[in-house]
Amino acid sequence: MQKRFFILVLCLFLLNSSVAWGQDARITEVIVTNTRDDLILYFRVQGCFTQELQQAILNGVPTTFTFLASLDRVRNFWNDKNLASFEIRHTVKYNNLKNEFAITRSEHNNKAVIVETLSEAKRVMAEVENVRISELKLLEKNRRYQVSVKAELSKITLPFYLHHVFRFFLFLWDFETDWHTTDFIY
């Protein structure tokens with residue numbers, strides 16, 4: 001009887017896990033544009049907020065998305081030349097007492113944006129806007145370039161006493177997108 005109960009619980013857990021794993025986070029709406037002086041990047045990540053992750057945020061667990069980006073000059077018959085690589089971090093923290101979400105974004109000097117709804121917090125967390133990739137004067141005219149972007153959820157760190165209790169379930173909140181590459185000629 002005990003063995004059957006264990007097998008049933010294990011099957012339910014695996015079914016629930018496959019639903020969480022089935023949700024594929026991905027980079028979308030990538031725009032590489034320019035101002036008079038700079039190359040600018042915009043993009044979004046979709047499919048990154050599982051039910052478990054949303055519940056963790058609502059329980060006050062600080063959650064950080066890390067976006068990795070690089071700019072390469074494509075060279076035929078030679079290794080591509082990396083011109084810029086950088087990391088962007090978005091962190092959300094829910095305050096139960098004030099019923100608000102504070103989001104800091106490294107591309108905006110970690111200035112906190114305060115929103116009142118989870119849907120608005122999810123939108124701000126998933127959007128990267130107006131990020132300067134490079135100065136245009138560093139690019140050569142009529143050359144091919146690639147901008148690559150990847151997103152990942154930084155490992156959630158719980159207080160020491162909770163980490164041992166929930167460590168088995170922490171992997172359900174992890175996600176990592178594939179690299180999304182956009183080609184352009186300057």
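The values are calculated or read from the model by the stated rules, or taken from the named source; none is laboratory data. Values in this document were obtained by computation on a predicted structure and should not be read as measured data. Here the Cβ is made from the backbone with ideal geometry for all residues, glycine too, and neighbour counts use every protein chain on show.
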Handout entry: Condition check for Leu118: over 16 Å from the mean Cα position of the chain (by Cα), surrounded by 13 or more Cβ atoms within 10 Å (Cβ to Cβ), within 22 Å of Gln46 (Cβ to Cβ) and in contact (Cβ under 8 Å) with a residue 40 or more places away in the chain
Key = yes
Problem - Residue check for Val92: of a type outside the set (Lys, Arg), within 16 Å of Phe43 (Cβ to Cβ) and modelled with pLDDT of 95 or more - result: no
Problem - Some residue of the range 78-92 being crowded, with 16+ Cβ neighbours inside 10 Å, farther than 24 Å from Asp37 by Cβ and in contact with a helix residue (DSSP H, G or I) (Cβ under 8 Å, 6 or more places away or on another chain) - result: yes
Practice task
Could you pull out the residue among Glu120, Glu87, Glu129 that is charged (D, E, K, R) and in a helix (DSSP H, G or I)?
Solution key: Glu120
Handout entry: Condition check for Ala102: over 30 Å from Asp183 (Cα atoms), crowded, with 16+ Cβ neighbours inside 10 Å, at pLDDT 95 or above and within 19 Å of the chain's Cα centre (by Cα)
Key = yes
Fill in the blank from the handout: For Phe65, the lone unmet condition from (1) more than 25 Å from Ile185 (Cα to Cα); (2) surrounded by fewer than 15 Cβ atoms within 10 Å (Cβ to Cβ) is (2)
Problem - The one condition in (1) assigned to a strand (DSSP E or B); (2) under 19 Å from Trp179 (Cα atoms); (3) not hydroxyl-bearing (Ser, Thr, Tyr) that Phe49 fails to fulfil - result: (1)
Exercise for the section: For Leu118, indicate whether it is of a type outside the set (Gly, Ala, Ser), under 24 Å from Ile57 (Cβ atoms) and either touching a Gly at 6+ places or on another chain (Cβ under 7 Å) or modelled with pLDDT of 95 or more (or both). Expected result: yes
